[in-house]
Every structure is written in C-alpha cells, then in structure tokens.
Amino acid sequence: MIVVDNELVELTTAYGPMQTHIVRPAAPGRYPGVVFFTEIFQVTGPIRRTAAMLAGHGYIVAIPEIYHEFEAAGTVLAYDQAGSDRGNVLKTTKELASFDADARAVLDHLKSRLDCTGHLGAFGICIGGHLAFRAAMNADVAGAACFYATDIHKGSLGKGMKDDSLQRAKDIKGELLMIWGRQDPHIPLEGRMKVLARLNEVNVKFSWHEVNGAHAFMRDEGVRYDPELAYQLYGLVFDFFHRRLGSGDLPVQVAGAAETKH
C-alpha cells in the first residue's frame, strides 16, 4: 500500500490560470508523472478516486481543470442533464490550441518537479481520452492510456469542431493504449474502425482493446459502471505505465510503518 497526498497548483497558460490537482505518493521519492484528463464534468468524485488509485501505484498524477477559461477554479459539473449540456457546450467553445496549451503546461510542470523522474505519460476518459491522445503528440510523452476517447473519429473537438487529431496521429512517438466500449453510442463501430485504420496507416505503436461496455463504464457512479471490467482494465493501465514510464527511483516508505500494530 502507498499512502497518497494531495495539493493544488495554479499553472500559467496563454489562456489564463489553470488550477491543477496533484495526487502523489506521500512517501519521499521521485516518481513518474501522469497528466490525467477528465470527463466533461471536470474533477468529480470518481475522477478523484481514479487519481488516487493511479498515485497509489507510484505516480504523480496531475489533473487540470479543462474548462478553466470559462468556470471558476474548483467548479465541478454535476452528472445530470444540465451538467452534461454545459460540458458539451464548452468542449466546442474552447479553442483547440488552448486544450494543447493546457497539456503542455501540465507536462512542463511535472518535468520541473523535484519529486518527478521526468518520465511522463497521459491518461484520459471520454473527452479526456481524446485529450490524452493529443497529449501523446508531445515527444516527451512515453505512453498514453485513452478510454473511450470521444470525437476523434468525427474531428469535432474544440471551437469550430474541426480538430486535426487524426491527421496529427503521425506525430505520436510514444505508445498508445486504446480502450473502447462496444456498446458506446458516442463512438460507433465505424468510428472506432476509422481511428484504428489511421493508427495502422501511420504505424503508431499501440494496443487496442474493445470490451462489452457502455459509455462511462469505468465511472464508479451511475448505472453504466462495470466494476469487473474496470478492475481488469486498470490492470492493463498499470502494466502499461510500468513498462513505458518505469517506477520511482527511491524506496517507498509506508506512513506509520514503524508504529506498533494493534
């Protein structure tokens, strides 16, 4: 067991300050860094719990608030129709260049930290899966795990709904872990096959997993959650990051390890 700790940092971007949540092992040491891109609802309870799980496996996890230009710091959109509507409006109101600038700011922050080994990865869910895919276009991202990444096949992320993610897939130098739900209406079969064909065309290094799950099957809240699938797939993620990013370079000491047990 690794006990985790939390902090908040404010990062400077060309599009304004961006509050970023840091979840890291509490024990002294240097660990690989992972930028974690959220769903359209920002840093919700399920996102925090996922971040704690990642950090507990030996990573510094940085979660940017993806709508920092539009919402007050700390804003969390509810898992309801109003929250969904707001999140979906903002994902096509925000400049594509701002999404990319956010990723670069978080990666630079992780690299600058004395507690980071400098080995970097990306992780994302839903819109966050798409943002992790784009983050992988940065040469210093060794691996990106993308869960049911929305809108890649449609090229509809950002203002104007004309993103270049498929065109720029050739810029990905690290490795991708692509995970999809076959019953996800947001990314139908033809959409998944379009992404698959492009990755093969440009010879990206990747693994591809399709499971019988609906959209948001990883979210531990709501009727679509599939805990069995989540357990299996988190195992793939931890193996992937361990292989691509390595592990911390200093021994981990569990808090309270010297205390008398009762």
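Residues of segment 47-91 being among the hydroxyl-bearing types (Ser, Thr, Tyr), assigned to a helix (DSSP H, G or I) and touching a helix residue (DSSP H, G or I) at 6+ places or on another chain (Cβ under 9 Å), which ones?
Keep residues of segment 47-91 that are among the hydroxyl-bearing types (Ser, Thr, Tyr), which gives 50, 59, 67, 75, 79, 84.
Subset that is assigned to a helix (DSSP H, G or I): 50, 84.
Selection gives Thr50 alone.
Of the numbered conditions (1) closer than 18 Å to Phe99 by Cβ; (2) free of Cβ contacts under 8 Å to residues at least 40 places away in the same chain; (3) in contact with a helix residue (DSSP H, G or I) (Cβ under 7 Å, 6 or more places away or on another chain), Gly158 satisfies every one except a single condition; which is it?
If we test Gly158 against (1) closer than 18 Å to Phe99 by Cβ; (2) free of Cβ contacts under 8 Å to residues at least 40 places away in the same chain; (3) in contact with a helix residue (DSSP H, G or I) (Cβ under 7 Å, 6 or more places away or on another chain), just (2) comes out false.
Determine, yes or no, whether Ala139 is within 23 Å of His242 (Cβ to Cβ), at pLDDT 95 or above, part of a loop (DSSP other than H, G, I, E, B) and in contact with a Phe, Trp or Tyr (Cβ under 6 Å, 6 or more places away or on another chain).
The answer is no for Ala139.
Go through Lys94, Lys111 for me and flag whichever is part of a loop (DSSP other than H, G, I, E, B) and of a type in the set (Lys, Arg).
Working: Lys111 fails: part of a loop (DSSP other than H, G, I, E, B).
Lys94 is the lone residue from the list that is part of a loop (DSSP other than H, G, I, E, B) and of a type in the set (Lys, Arg).
Examine segment 116-132 for a residue that is on the phi > 0 side of the Ramachandran plot and surrounded by fewer than 22 Cβ atoms within 10 Å (Cβ to Cβ), and state whether such a residue exists.
Within segment 116-132 (the criterion being on the phi > 0 side of the Ramachandran plot and surrounded by fewer than 22 Cβ atoms within 10 Å (Cβ to Cβ)), the answer is yes, since at least one residue qualifies.
Is it true that Lys111 is out of contact with any Lys or Arg (no Cβ under 8 Å at 6 or more places or on another chain), basic (Lys, Arg) and on the phi < 0 side of the Ramachandran plot?
Details: out of contact with any Lys or Arg (no Cβ under 8 Å at 6 or more places or on another chain): yes; basic (Lys, Arg): yes; on the phi < 0 side of the Ramachandran plot: yes.
Yes.
Considering Arg224, Arg219, which residue is farther than 16 Å from Met178 by Cβ, in contact with a His (Cβ under 9 Å, 6 or more places away or on another chain) and of a type in the set (D, E, K, R)? Steps first, please.
Details: Arg219 fails: in contact with a His (Cβ under 9 Å, 6 or more places away or on another chain).
Criteria check complete, one pass: Arg224.
Looking for whichever is modelled with pLDDT of 95 or more, basic (Lys, Arg) and under 17 Å from the mean Cα position of the chain (by Cα) here; the options are Arg49, Arg30. Which one fits? Can you show your working first?
On the way: Arg30 fails: under 17 Å from the mean Cα position of the chain (by Cα).
Going through Arg49, Arg30 in turn, just one is modelled with pLDDT of 95 or more, basic (Lys, Arg) and under 17 Å from the mean Cα position of the chain (by Cα): Arg49.
Only residues that are hydrophobic (A, V, I, L, M, F, W, C) and either touching a strand residue (DSSP E or B) at 6+ places or on another chain (Cβ under 6 Å) or surrounded by fewer than 21 Cβ atoms within 10 Å (Cβ to Cβ) (or both): list them for segment 188-204, please. Explain how you work it out, then say what you get.
Of all residues in segment 188-204, those hydrophobic (A, V, I, L, M, F, W, C) come to 189, 193, 195-197, 199, 202, 204.
Within segment 188-204, Leu189, Met193, Leu196, Ala197, Leu199, Val202, Val204 qualify.
Being in contact with an Asp or Glu (Cβ under 6 Å, 6 or more places away or on another chain) and either over 27 Å from Ser84 (Cα atoms) or assigned to a loop (DSSP other than H, G, I, E, B) (or both) is the filter here; which residues of segment 159-181 pass it?
Looking only at segment 159-181, we keep the residues that are in contact with an Asp or Glu (Cβ under 6 Å, 6 or more places away or on another chain), and these are 159, 180.
Hit for segment 159-181 is Lys159, nothing else.
Name the residue, out of Ala55, Ala78, Ala72, Ala82, that is touching a Pro at 6+ places or on another chain (Cβ under 7 Å) and either free of Cβ contacts under 8 Å to residues at least 60 places away in the same chain or crowded, with 20+ Cβ neighbours inside 10 Å (or both). Steps first, answer last, please.
Details: Ala78 fails: touching a Pro at 6+ places or on another chain (Cβ under 7 Å); Ala72 fails: touching a Pro at 6+ places or on another chain (Cβ under 7 Å); Ala82 fails: touching a Pro at 6+ places or on another chain (Cβ under 7 Å).
After applying the criteria, what remains is Ala55.
So if I check each of Ser207, Ser156, Ser165, which one is among the hydroxyl-bearing types (Ser, Thr, Tyr), surrounded by fewer than 16 Cβ atoms within 10 Å (Cβ to Cβ) and at pLDDT 95 or above? Quick ask: steps written out before the conclusion?
Values: Ser156 fails: surrounded by fewer than 16 Cβ atoms within 10 Å (Cβ to Cβ); Ser165 fails: surrounded by fewer than 16 Cβ atoms within 10 Å (Cβ to Cβ).
Testing whether each residue is among the hydroxyl-bearing types (Ser, Thr, Tyr), surrounded by fewer than 16 Cβ atoms within 10 Å (Cβ to Cβ) and at pLDDT 95 or above leaves just Ser207.
Scan segment 10-25 and report the pairs whose first residue is within 10 Å of Glu69 (Cα to Cα) and whose second residue is of a type in the set (Val, Ile, Thr) and surrounded by 17 or more Cβ atoms within 10 Å (Cβ to Cβ), with Cβ atoms within less than 9 Å and a gap of 6+ or a chain change.
Met18/Ile66; Met18/Val106
The values are calculated or read from the model by the stated rules, or taken from the named source; none is laboratory data. This is a predicted model, so every value here is computed, not measured. Counting neighbours? That spans all protein chains shown, and the Cβs are built from the backbone with ideal geometry, glycine included.
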